[in-house]
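To keep things clear, I will list the structure first and then write my remarks on it.
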Amino acid sequence: HAKAHSRGRAQVFDAAMHREVLDRLELETELRAAIGSGALEVHYQPVVDLDSGHLRGFEALVRWPHPTRGLLSPEAFIPLAEDTGLIVPLDRWTLRTAAHEAATWPALPGRTAPALGVNLTAAQMHLPGLVAEVRGVLGSSGLAPERLTLELTENVLMNDRNTTLDTMRTLRELGVGLALDDFGTGYSSLSYLRQFPISDLKVDRSFIADLDGGHTGTALVRAVSELGQALGLTSVAEGIETPEQFAQVRALGFTLAQGFYISPPLEAAAARALAQQAGPLVVMEPPPTVETK
Ligand code: C2E
Ligand code: MG
Ligand code: MG
Ligand code: MG
């Protein structure tokens, strides 16, 4: 009897697993088709200059308007794309689409045209064609290389060190920026920061969320800002959700900020409209003072 019972459970388990595999296969097929037919969308989240409150640029964030599952966020399909290799055409499509869009953003009087941040999966960095791809996209879109920053996570620095270093140097020589994204959540060390030609540090939003938690949280975020200053890097605080967090990262000396408090990611048309506006995105409070709780 016991045996029959456990076999029954195994069959239920098999059926669930079977469904999950089919589900993934279906999603993979649909994602492949979506990439091929241009059915994905790129949204653009504003990044603000903490000195002036003016728009500094946008980060390109991919979205998948799925016919039955709704608007899917990258977390719902990037892991699948990474496992199946679809991430290569996906990232290529996002870079190309975003660069052509960014080329339409104007330079307002007395200012440089908005910058563009594009995320790249670590694996992309190790593809031999990456530099040619970036060069090609800059050429066809007309986007000035200085306006583009590629966002990489710390794990990119761990593998295939020499090739990565070569690729990064070539991209920097082109004029393209390189940001270390989600900084603080990976395994990079201080020596990596010195060795690799990084231009921007984007502190992970989990650290920003910890700013509300008191002294330790503030000390860590301050340390990232000081690290950026010491190494001559642009420091970016992401995941700013409240006016308090905004005032704090400003007081701690961050260069740029991004988050729902400033704006959520916008559709291309709304981002383009924002790029035409001359006024500050955030009205600045009087001189900042460092808050230590
Ligand atoms: P990320 O590069 O760190 O992007 C920031 C994420 O935080 C975005 O989520 C953004 O919508 C979200 N966010 C922005 N402000 C706030 C805030 O104030 N509070 C909170 N809680 N969240 C905020 P999203 O768009 O879901 O993207 C998630 C991740 O997916 C990105 O993290 C990036 O690593 C990856 N990703 C997005 N687009 C692409 C792409 O085209 N290619 C690759 N390889 N990865 C991408
Ligand atoms: Mg990013
Ligand atoms: Mg990030
Ligand atoms: Mg992130």
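The values are calculated or read from the model by the stated rules, or taken from the named source; none is laboratory data. Just so you know, these numbers come straight off a predicted model, no measurement behind them. So basically every Cβ, Gly included, is an ideal-geometry build from the backbone, and we count neighbours across all protein chains shown. To get the accessible areas, we keep the full protein, side chains included, count just its heavy atoms, and leave off ligands, DNA and RNA. Shrake-Rupley method; radii C 1.70, N 1.55, O 1.52, S 1.80 Å.
Under the classification rounded if a/c is under 1.5, otherwise prolate if a/b is larger than b/c and oblate if not, where does segment 134-293 fall, given a ≥ b ≥ c as square roots of the Cα gyration tensor eigenvalues? Taking the square roots of the gyration eigenvalues as a ≥ b ≥ c, segment 134-293 is oblate. Placing a label point 7 Å from the Cα of Met158 along the Cα-to-Cβ line, the residues of segment 184-212 whose backbone N sits under 12 Å from it are 185-189. Remark on His66: its backbone amide H falls under 5 Å from those of Leu71, Leu72, a criterion applied only to residues 5 or more positions apart or on other chains, H modelled at 1.01 Å from N.
Given +1 at the Cβ of Lys and Arg, -1 at the Cβ of Asp and Glu and no other charges, the dipole of segment 145-242 around its Cα centre is 320 debye to the nearest 20.
What does the C-alpha gyration tensor say about the overall shape of segment 228-271? Classify as rounded when a/c is under 1.5, otherwise prolate if a/b is larger than b/c, or oblate.
It comes out oblate by the Cα gyration axes.
Across the chain, Cα pairs under 8 Å and at least six residues apart give a relative contact order of 19 percent. Taking other residues whose beta carbon is less than 15 angstrom from the beta carbon of Gln277, and scoring Lys, Arg as +1 and Asp, Glu as -1, yields +2. Among Gly214, Tyr187, Trp105, pick out the residue whose Cα is farthest towards the positive end of the charge dipole of segment 76-225, where Lys and Arg carry +1 and Asp and Glu carry -1 on C-beta, about the Cα centre. Going by the charge dipole, the pick is Trp105.
Where the only charges are on Cβ atoms (+1 Lys, Arg; -1 Asp, Glu), what is the dipole of the chain about its Cα centre, to the nearest 20 debye?
It comes to approximately 340 debye.
What percent antiparallel are the DSSP beta bridges of the chain, to the nearest 5?
Counting DSSP beta bridges with both partners in the chain, the antiparallel share is about 40 percent.
Solvent-accessible area per residue for segment 155-293 at a 1.4 Å probe radius, Å²? Solvent-accessible surface per residue comes out at 50 Å². Once backbone amide H atoms are built at 1.01 Å from N, Leu266 has Tyr44, Gln45 as its partners under 5 Å, excluding neighbours fewer than 5 places away on the same chain. Distance from the alpha carbon centroid of segment 36-99 to that of segment 102-160 works out to 13 angstrom.
The stretch between Asp212 and Glu173, if pulled fully straight at 0.36 nm per residue, gains 10.1 nm over its current Cα-Cα span. Between Ser52 and Thr29, take the C-beta separation as r, use R0 = 45 Å, and let me know the FRET efficiency to the nearest 0.05. The calculated FRET efficiency here is 0.40. With all protein chains in place and a 1.4 Å probe, the accessible surface of segment 92-231 carries 53 percent carbon and sulfur.
Averaged per residue, segment 47-123 has 41 square angstrom of accessible surface, using a 1.4 angstrom probe with ligands and nucleic acids left out.
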